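I have placed the structure first, in the form of structure tokens, so that the comments after it can refer back to it.
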Amino acid sequence: MTAGPIPGHAGGQTPYFDALRHQLVGAAGRRTTRRPPRSAAFLLAAAAVLVAVGSVALFTVAPPATAGVEVRRAGDRVELRLVGDDVDAEEVERAAAKAGVRVRVTHYAVGPSLADRFVAVVADPILPPDFARFDEATGSFRGFALPVSWKGNLRLGLGRRARGDERYTFASDAFAPGEPLACHDVRGLPAPEAAQVLGRVSGLSVVWEVQAPTGARPTTPVRSPTARVIGAEAVSRSRVIVMLDQGKVVATGRASRCGSR
């Protein structure tokens, strides 16, 4: 529906309301004596209501505010930041479009530590050299800036919380807040000791990998007793990949750091 002027409202002319008045007067004259004809005051009130309704129709067509996204102009650059939780992909697209930035956003299932963060960016053509990311962490970011003059197209991946035990599209740092090993930091521990700690975590499935000259390869704590934990990735709420290394030394974590959990 295309919003337009109210019939007869422009230029002070009111043929629409004059016609309406004649119709109402005629109809009123045909009614029984139990309902007397409408007065002129009533007709004016009806006309005022119609004008008010028309005005509302004209001035409430603006899209809702994008509370979860902040966009601002900083000199010759446009900055976009995620400032809320459960941000919708279309909300980001609308906010960017208002600033003249062409963006397409796709949701991807991720762990809690990557939810409401951008987890991927692709540009056509390539990203400008001064493209900047804000609040970067573990390969993700909460905002970006680019030149106003850049006329390319962005495709952004936006993390959403995985549902139940849904597999993550992008793996998380398993030790990050909200992730499966957030309360069980086994970094730096020998593989057998780490296996004992993780064996007490209910419902957790662990895959072990050891770093080798040709890349990571599957292993077990028994087969790599001297290797130490250097990191871990969460691929779902209940599945993690623990990475071992024979020579690399990392700071030893606390086996349990969440009280009684």
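The values are calculated or read from the model by the stated rules, or taken from the named source; none is laboratory data. Computed from a predicted model, the values in this text were never measured in an experiment. Every residue, glycine among them, receives a Cβ derived from its backbone with ideal geometry; neighbour counts consider all protein chains shown. Areas reflect the complete protein model, heavy atoms only, side chains present, ligands, DNA and RNA absent. Shrake-Rupley method; radii C 1.70, N 1.55, O 1.52, S 1.80 Å.
Hey, does the range 167-184 have a residue that's open to solvent by 80 Å² or more (accessible area, probe 1.4 Å) and small (Gly, Ala, Ser)? No, the range 167-184 has no match at all.
Taking the criterion of being touching a Lys or Arg at 6+ places or on another chain (Cβ under 7 Å) and closer than 18 Å to Arg237 by Cα, the residues of the range 176-204 that qualify are Pro180, Cys183, Asp185. Among the residues of the range 103-132, those that are open to solvent by 50 Å² or more (accessible area, probe 1.4 Å), farther than 15 Å from Val69 by Cα and either charged (D, E, K, R) or assigned to a helix (DSSP H, G or I) (or both) comprise Asp124, Asp130. Just to be sure, is Arg94 touching a residue at least 60 places away in the same chain (Cβ under 8 Å), charged (D, E, K, R), open to solvent by 30 Å² or more (accessible area, probe 1.4 Å) and over 22 Å from Glu166 (Cβ atoms)? No. Taking the numbered list (1) modelled with pLDDT of 95 or more; (2) within 18 Å of Gly159 (Cβ to Cβ); (3) not small (Gly, Ala, Ser) in turn, Asp86 passes all entries but (1).
Of the residues in the range 136-146, at least one is under 30 Å from Arg104 (Cα atoms), free of Cβ contacts under 8 Å to residues at least 12 places away in the same chain and open to solvent by 30 Å² or more (accessible area, probe 1.4 Å). Taking residues in the range 106-123 that are at pLDDT 95 or above, and partners anywhere that are of a type in the set (Asp, Glu) and part of a strand (DSSP E or B), the pairs with Cβ atoms closer than 9 Å and at least 6 places apart or on different chains are Gly111/Asp173; Ser113/Asp173; Leu114/Asp173.
Here is the figure for the range 216-234: residues that are within 12 Å of Asp245 (Cα to Cα), of a type in the set (A, V, I, L, M, F, W, C) and not in a strand (DSSP E or B) total 1. Restricting attention to the range 153-185, the residues that are out of contact with any His (no Cβ under 7 Å at 6 or more places or on another chain), part of a strand (DSSP E or B) and not hydrophobic (A, V, I, L, M, F, W, C) add up to 7. In the range 186-215, of all residues being open to solvent by 60 Å² or more (accessible area, probe 1.4 Å) and in a strand (DSSP E or B), the one that is farthest from Val250 (Cα to Cα) corresponds to Val207.
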